[in-house]
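Q: Would you mind keeping the following structure in view while I ask a few things?
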Amino acid sequence: MPGLESLREAVRRFLRSSGTYEKAVDSFIRDIQRALISSDVNVKLVFELSKRIRERALKEKPPPGAGRREWLVKIVYEELAKLFGGGGEPELMPPRKPYTIMLVGVQGSGKTTTAAKLAYYYKKKGLRVGLVAADTYRPGAYDQLRQLAEQVGASFYGEPGEKDPVKIARRGLRDLQGRADIIIIDTAGRHGYGGEEALLKEMRDIAGAVKPDEVVLVIDAAMGQKAYDLARRFHEATPIGSIIVTKLDGTAKGGGALSAVAATGATIKFIGTGEKIEELEPFRPKSFVGRLLGMGDLEALLERLEALEHTEKLQKTMGEMLSGRINMRMIYEQIQQISKLGPLRKVLQMIPGLSLSLPTDDEKLRITEEKMRKWLHIIESMTYEELDKPEIIDRSRMRRIAIGSGTSPEEVRELVEYYKTVKRTIKQIKRRKGLLAKLQRQLGIPE
Ligand SMILES: Nc1nc2c(ncn2[C@@H]2O[C@H](COP(=O)(O)OP(=O)(O)OP(=O)(O)O)[C@@H](O)[C@H]2O)c(=O)[nH]1
Ligand SMILES: [Mg+2]
């Protein structure tokens, strides 16, 4: 995307640059500012973003094993994602059928094209789509939509002679009942830039008569940060509104438009990235920013950082265990941390020190995913006394715990055996002084 494209290069430069960290941060932030401002992002927003990045860079500490630069890239990624609307994912599938969407927007913003793109999108999701041509203003509007409907394979309703859009919309809804799961109404554009009042008034008139489930404001990305006022008024005027930003492919002001709309609190559901019917994408700020920053590398980096953060906690538990105060609560934490790592465990194996969890090949120390889940349930069914002194868990307690956790006494026994094995192993390690020191060093635990 023009304007924001230089962000990727900025990240690369920052991660590779030599020289002091402080200097590198300064020029990284300057690069980010330049990229955002050249994309027409509001200067005040850019300033606030830089301030937050600096503050977090000072305040937050990377987990051991992570570089400060990588950590800052993660912060930049998170802050940019917030600038474009944050991590939430709007619901795109209609909650009921038929579901009516009405498109509004200034002249030429891309409503008719977007109506067809939406039809194509939902058709691919397996819905029956109906398009209604309620633009009685623009010559040829009827034919334009009818052709697009045919191209996409959507049902179509229109009345070439009728002058009242409200009547067409009403009759269109009736006609498409039962034939369409989702009905998209295309309306006439009004002059933008100042003519917003007229646009919003007409929108209220048609919406009042037709009662759509959702009103979608279509905004041309070339509006840049000027989109703020329109989006804000629209957002205030209709609680059932969402926004689609079009023509992100053709302007250097896209960053400005997206951040301005996000700043109003309105939801951007889709973005248009070309003239073709399939060039409409669900808008997800996080993956949008990920792509801007060069997602391939970034994803690996973020995964590694996340693994390191979990690792830090795991190390603490391991440290406590090695210091000899082992009980069932620690086993619980250990299992929880390991299971939270989930798919990250592969990454974890690449981190030196952690491939070695306990220096043994003992089968009993290997736990599978499914076992971990069961064991957590089992431990949750234990009394405080049992948690602190698992030795007291005898046969009758095993039976009780099994019933409480929906498992079998055999599975409870297995966990108790695991606990005993861990405890024994730790004792052995401690007897061999050199090994303990080595292990502590590798885990980063002070001796
Ligand atoms: N490059 C690009 N062009 C687009 C995009 N969306 C729409 N357009 C083009 O923008 C022009 C106007 O699109 P329309 O869909 O006719 O706009 P409209 O809002 O219906 O216009 P009126 O009905 O006159 O108000 C057309 O040439 C489209 O091909 C997009 O995402 N990228
Ligand atoms: Mg149109």
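Q: Given the options LYS167, LYS44, LYS123, state which has the largest fluctuation in a GNM of the chain using a 10 Å cut-off (strictly under) for Cα springs.
A: LYS44
Q: Considering the dipole of the chain built from charges on the beta carbon (Lys and Arg +1, Asp and Glu -1) around the Cα centre, which of GLY254, GLY172, SER17 is farthest to its positive end?
A: The residue sitting farthest along the positive end of the dipole is SER17.
Q: Per DSSP H run of at least 4 residues, take -39500 (n - 2.57); add these up for the chain, divide by its residues and hand me the 222 nm value, nearest 500 deg cm²/dmol.
A: Calculated from helices alone, the mean residue ellipticity at 222 nm is -18000 deg cm²/dmol.
Q: Might you work out the accessible area of ASP394 for me, using a 1.4 Å probe with all protein chains in place, and round it to the nearest 10 Å²?
A: About 80 Å², rounded to the nearest 10.
Q: Related question: Could you report the accessible area of LEU4 in Å², rounded to 10, computed with a 1.4 Å probe on the protein chains as they sit in the structure?
A: Per-residue accessible area (LEU4): approximately 0 Å².
Q: While we're looking at this one, here's another question. Pick out, from SER155, LEU145, ILE219, the residue whose Cα sits farthest towards the positive end of the charge dipole of the stretch 99-283, with +1 on the Cβ of Lys and Arg and -1 on the Cβ of Asp and Glu.
A: The one lying farthest along the dipole's positive direction is SER155.
Q: What do you get for the angle between helix 196-210 and the principal long axis of the chain? Use alpha-carbon atoms, 0 to 90 degrees, nearest ten.
A: Value to nearest ten degrees: 90.
Q: Can you pull the accessible area of ARG204 for me, 1.4 Å probe, Å² to the nearest 10?
A: So the heavy atoms of ARG204 present about 110 Å² to solvent.
Q: Here is a follow-up. Cut-off under 15 Å on the C-alpha distance; same-chain residues fewer than 8 positions from LYS167 excluded. Which aspartates and glutamates are left, in chain and number order?
A: Here the aspartates and glutamates satisfying the reach criterion relative to LYS167 are ASP135, GLU159, ASP175, ASP186, GLU202, ASP205.
Q: Oh, and also: Could you give the angle, 0 to 90 degrees to the nearest 10, between helix 111-124's Cα long axis and the longest principal axis of the Cα atoms of the chain?
A: Between helix and principal axis, roughly 50 degrees.
Q: Write down the accessible area per residue of the chain in Å², having rolled a 1.4 Å probe over the full set of protein chains.
A: Normalised by residue count, the accessible surface of the chain is 49 Å².
Q: While we're on this one: Would you work out the charge dipole size for the stretch 6-83 about its Cα centre, treating the Cβ of every Lys and Arg as +1 and the Cβ of every Asp and Glu as -1, and quote it to the nearest 20 debye?
A: Using only the charged Cβ atoms, the result is roughly 160 debye.
Q: Roughly to the nearest percent, how much of the accessible area of the chain is carbon and sulfur, given a 1.4 Å probe?
A: 50
Q: With +1 assigned to the C-beta of every Lys and Arg and -1 to the C-beta of every Asp and Glu, and no other charges, what is the dipole magnitude of the chain about the Cα centre in debye, to the nearest 20?
A: 1480
Q: Hey, another quick one. Once R0 is set to 51 Å, what does the formula 1/(1 + (r/R0)^6) return for the Cβ-Cβ distance between ARG30 and GLU369, expressed as a FRET efficiency to the nearest 0.05? If you can, show how the numbers build up before the last one.
A: Details: r = 46 Å, r/R0 = 0.90.
After rounding, the FRET efficiency stands at 0.65.
Q: Continuing with this model, one more query. Return, for the Cα atoms of the chain, the radius of gyration and Dmax in Å, separated by a comma.
A: 29.4, 94
Q: Here is a further query. Which of LYS316/LYS374; LYS111/LYS211; LYS124/LYS286 have a Cα-Cα distance over 21 Å?
A: LYS316/LYS374; LYS124/LYS286
Q: Pick from VAL104, VAL210, VAL76 the residue whose mean-square fluctuation is largest in a GNM of the chain, springs joining Cα atoms under 10 Å.
A: Largest GNM mean-square fluctuation: VAL210.
The values are calculated or read from the model by the stated rules, or taken from the named source; none is laboratory data. Since the structure is predicted, the reported quantities are computational estimates derived from the model, not experimental observations. Every residue, glycine as well, gets a Cβ built from its backbone with ideal geometry; the counts of neighbours run over all protein chains shown. Accessible surface is based on the protein model in full, side chains and every heavy atom, while ligands, DNA and RNA are left aside. Shrake-Rupley method; radii C 1.70, N 1.55, O 1.52, S 1.80 Å.
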